[in-house]
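One structure is given here, and the rest of the page talks about it.
The values are calculated or read from the model by the stated rules, or taken from the named source; none is laboratory data. Treat the numbers as computed from the prediction; the structure is a model and nothing was measured. Cβ: placed from backbone, ideal geometry, glycine included. Neighbour counts: every protein chain shown.
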Amino acid sequence: MAERRLMTGNEAVALAAFHAGTRFASAYPGTPSTEILENFSRYEGVYAEWAPNEKVSLEAAIGACLGGVRSLAAMKHVGLNVAADPWFTAPYIGVSRGLVVVSADDPEMHSSQNEQDNRYYAKAAKVPMLEPADSQEAYDLTRVAFEMSERFDTPVLMRMTTRVCHSRSIVEPGEPETVAAIPYEKDSTKRVMIPGHARMRHPVMVRRLDELERFSEEFGWQRVEDGRDGAGVVTSGVAYQYVKEAFGDVGILKLAMTNPLPSRLITDFCSRYEDIYVVEELEPFLQEAVAALGFKPKGKESVPRVGELNVDNVRAAFPELSEVEPPEVRRVQGIPARPPILCAGCPHRGIMYILARLKAIIAGDIGCYTLSVLPPLSAHDCQVCMGASITMGHGLEKALELAQGEDGYEGPGSHRVVSVLGDSTFFHSGVTGLMEMAYNNGRYTVVILDNRTTAMTGFQHHPGTGITLQEDESSMVDMEMLARSLGIKNVRVVDPYDLEECRRVLTEEMNRDAPSVVISRRECVLKVRDREPVYYQVMQGVCNECGLCMGIACPALVKRGEEILILPDSCTGCGVCAQVCKHEAIEPVRQ
Amino acid sequence: MHIEGMATVSENVRTRSVVMAGVGGQGTITAANILANALILHGYDVKTSEVHGMAQRGGSVISMVRFGESVASPLVPYGGAEAMVATELLEALRNLYYLAPEGRLICSRARVDPLPVLQGAVSYPEDAEQRIGELAPGSIVVDAVGIAAEAGDKRAANTVLLGILSTSLPVSEGEWLSVIERLVKAKALESNRNAFLEGRRLAQEA
């Protein structure tokens, strides 16, 4: 028997994909999905890559499966929004070897800007969907997904959530299989979606959905657990685990395949119980389906629709099903909050501080730097999704320009608009935005915070680092040249540790009647190995406790009583605080 | 069998839980992983849960380890942890609602100022340790960083706490050490081994 291993759901998906003979995998990093590709990339004989974004990764995986090898694309929930274009047409053209797409949803938004429920994507695109409830199921269902994909000639969605991706549980892996490549053959009526072809393919998809529903009825992983009389619970994914623990031996229909749903199985189960309950995270996806079959399930009237579930809130939703009294808990009030914060020495700090001082209207983006929205930096005005900084900035600038033309307008001028995004985010979806700015005569300023890595998700390479996921050397995108080639003449590079330079360059570019790109370039402080053995200290006696330095929100700077101190163990010697100080009260010390 | 989910109520009651609370970057995920692997080696079914991504940038983080014959939820119910290991005083207080009324709190006497404290907007509760003692009688608060430094490396502070925790779990010293050997990098092994044994000794003497 294979060795039992403690694995995260993400590790289990990676291992299962490898054991299923998957040869190609592509992803853009995104919590909670990132480790799928990181783990898969280390297996022997596979090709794995960081794509610039999720649309690219899915399209590449579609190509690879048509090329005859099993392929995987993995992304966080909002990544599937980026990949939605290929997502909806991929099922029209079908597969050659299997294609599995992983969507890792993030209920509770541990590290996300929304908590959309991606089960609707499977339904909307007529794609079969599997929902694992722990790492063993993540392993087993990933292997099943590849078989289903080939049997039904369709991509398959593995819908995971944070507590499946980032929970560890024991996995007993199966036997690895070798899957031969299918020799490539041209089949353009099936794979080129001109309207005439697509009109032929759509009915095929509808018929396939019927076949898939029959499969879903008989699917061995749909599980009925008999329980006491009276109440039955329909559930899927990690919510099953909470039901199990909260309600003991209640009857459960645990669905592993949730698109298409097995109507007959659900009807049979629900007919056996007087009261039907549905417990699921986020939207009433299952509940609506159960209700559509003529039952009156209890669900989202009591189960939270926002945030993630746990044993406690599931039990509280339906106390009549629980045999256990929740214990007394000690909640301590008045504990200071601990929000995440930019690291000491973070290169984003200095330039965000200057932008805030210059009263820039900041259209922000997705990355560590978004943390600078919190006070005291308060350096963000709006942010919505990856790459949107440049394009929202474009709209903002045009609108302010139009407004300025009105009589009596008293709002801010359009020159104050600055878009801010990181290097990896720029490559993800900022480049088209930059083209928008250049082509449509934007005159605002784009700041690219180039810290030479994808920091938030754990330091992944990207097209600007010159190294691939599997550590091969590759070309390195030249940001300056790229911006110039789009028609932006004013491209400048600053060191974010040099506040004077940042202030001077940003002031010039914000006031320029032309589009500008300012690249703030310095490696992420967590990546720097050979740091100068310097830290800073506050000269007590010189310091008049004005508190100006506290405005940079550095975790190495603390206020104790009236005194301001620098914690030497935390200080990385970036010197930003010393430049902010107007009294020359902060000095470097060589270690 | 674990995957069949055949746990009964009585087995679920026997699911035991440990919570690790700390500040992003303090290494709670690694400590939880050592604990989980030690429990597996001893023959338990185990589930853990952890947080990645933005919260890791200096925010409050929590890792959970659950074990028993068959574990369902990866998340610990409120008031359900028999032990909590905290790598920082405030985080111990903040997460106390996970600890069972009779649960054991093991806490490092470490203070990491959160942003509102750094800013001087609120003060760090100077009585944090005292409140821990009042709210969680029988808690153990130690200078884990100092003990680890003496054991060879202050970065092994969490391993000191694991050593203390180890005395209330049915995992043998040999099982613990073999997992530490497997999961800790070679150059840090000696100090982590010493840190673990020192924590264990402290708890046995207490």
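Among the residues of the stretch A:143-177, the ones that are more than 14 Å from chain B (Cβ to nearest Cβ) and within 21 Å of A:ALA61 (Cβ to Cβ) come to 17 in all. If the condition is being out of contact with any helix residue (DSSP H, G or I) (no Cβ under 7 Å at 6 or more places or on another chain), closer than 22 Å to A:TYR369 by Cβ and in a strand (DSSP E or B), then the stretch A:452-477 contributes only A:GLN460.
Consider the stretch B:64-123 and keep the residues that are within 17 Å of B:GLY25 (Cβ to Cβ), more than 10 Å from every other protein chain (Cβ to nearest Cβ) and buried (at least 24 other Cβ atoms within 10 Å of the Cβ). The one that is nearest to the chain's Cα centre (by Cα) is B:VAL85.
The set of residues from the stretch A:31-78 being on the phi > 0 side of the Ramachandran plot and in contact with a Ser or Thr (Cβ under 8 Å, 6 or more places away or on another chain) comprises just one member, A:GLY68. Scanning the stretch A:554-591 for residues that are farther than 20 Å from A:VAL525 by Cβ, without any contact (Cβ under 8 Å) to a residue 12 or more places away in the chain and in a loop (DSSP other than H, G, I, E, B) returns a single hit, A:GLY561. Of all residues in the stretch A:179-192, at least one satisfies being out of contact with any strand residue (DSSP E or B) (no Cβ under 9 Å at 6 or more places or on another chain), touching a residue at least 24 places away in the same chain (Cβ under 8 Å) and assigned to a helix (DSSP H, G or I).
Quick check on the stretch A:533-553: of everything there that is part of a strand (DSSP E or B) and under 40 Å from the mean Cα position of the chain (by Cα), which residue is nearest to the other protein chains (Cβ to nearest Cβ)? Of everything passing the filter in the stretch A:533-553, A:VAL538 is nearest to the other protein chains (Cβ to nearest Cβ). Among the conditions (1) over 14 Å from the mean Cα position of the chain (by Cα); (2) within 7 Å of chain A (Cβ to nearest Cβ); (3) buried (at least 24 other Cβ atoms within 10 Å of the Cβ); (4) not charged (D, E, K, R), the only one that B:ALA36 does not satisfy is (1). A:HIS197 passes every criterion in (1) surrounded by 10 or more Cβ atoms within 10 Å (Cβ to Cβ); (2) over 31 Å from the mean Cα position of the chain (by Cα); (3) in a loop (DSSP other than H, G, I, E, B) apart from (3). Every condition in (1) farther than 28 Å from A:GLU397 by Cα; (2) away from every other protein chain (no Cβ under 14 Å) holds for A:ALA455 except the one numbered (2).
Figure legend. Inter-residue proximity from the stretch B:44-61: first residues over 20 Å from A:SER169 (Cα atoms) and more than 7 Å from chain A (Cβ to nearest Cβ), second residues assigned to a loop (DSSP other than H, G, I, E, B) and at pLDDT 90 or above, beta-carbon distance below 8 Å, spacing 6+ or different chains. No pairs are indicated.
Here is a yes/no grid of residues against (1) within 10 Å of chain B (Cβ to nearest Cβ); (2) under 30 Å from B:THR15 (Cβ atoms):
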{"residue": "A:GLY294", "(1), (2)": "no, no"}
{"residue": "A:LYS298", "(1), (2)": "no, yes"}
{"residue": "A:PRO304", "(1), (2)": "no, yes"}
{"residue": "A:GLU308", "(1), (2)": "yes, yes"}
{"residue": "A:ASP312", "(1), (2)": "yes, yes"}
{"residue": "A:ARG331", "(1), (2)": "yes, yes"}
{"residue": "A:ILE341", "(1), (2)": "yes, no"}
{"residue": "A:ALA344", "(1), (2)": "yes, no"}
{"residue": "A:PRO347", "(1), (2)": "no, no"}
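The set of residues in the stretch A:225-239 that are assigned to a strand (DSSP E or B) and either within 14 Å of another protein chain (Cβ to nearest Cβ) or over 23 Å from A:ALA122 (Cβ atoms) (or both) comprises A:GLU225, A:ALA231, A:GLY232, A:VAL233, A:THR235, A:SER236. Restricting attention to the stretch A:29-62, the residues that are touching a Lys or Arg at 6+ places or on another chain (Cβ under 9 Å) and under 19 Å from A:GLY458 (Cβ atoms) total 8.
Among the listed residues A:ASP187, A:ASP229, identify the single one that is more than 30 Å from A:ASP268 (Cα to Cα) and acidic (Asp, Glu).
A:ASP187
Would you check which residues across the stretch A:411-432 are in a helix (DSSP H, G or I), of a type outside the set (Ser, Thr, Tyr) and under 20 Å from the mean Cα position of the chain (by Cα) and list them? Of everything in the stretch A:411-432, those that are in a helix (DSSP H, G or I), of a type outside the set (Ser, Thr, Tyr) and under 20 Å from the mean Cα position of the chain (by Cα) turn out to be A:ASP423, A:PHE426, A:PHE427, A:HIS428, A:GLY430, A:VAL431. Could you please tell me which pairs satisfy a Cβ distance under 9 Å, a separation of 6+ or placement on different chains, a first residue in the stretch B:170-182 that is farther than 16 Å from B:ASP45 by Cα, and a second residue that is modelled with pLDDT of 95 or more and aromatic (Phe, Trp, Tyr)? The qualifying pairs are B:GLU173/B:PHE196; B:TRP176/B:PHE196; B:LEU177/B:PHE196; B:ILE180/B:PHE196.
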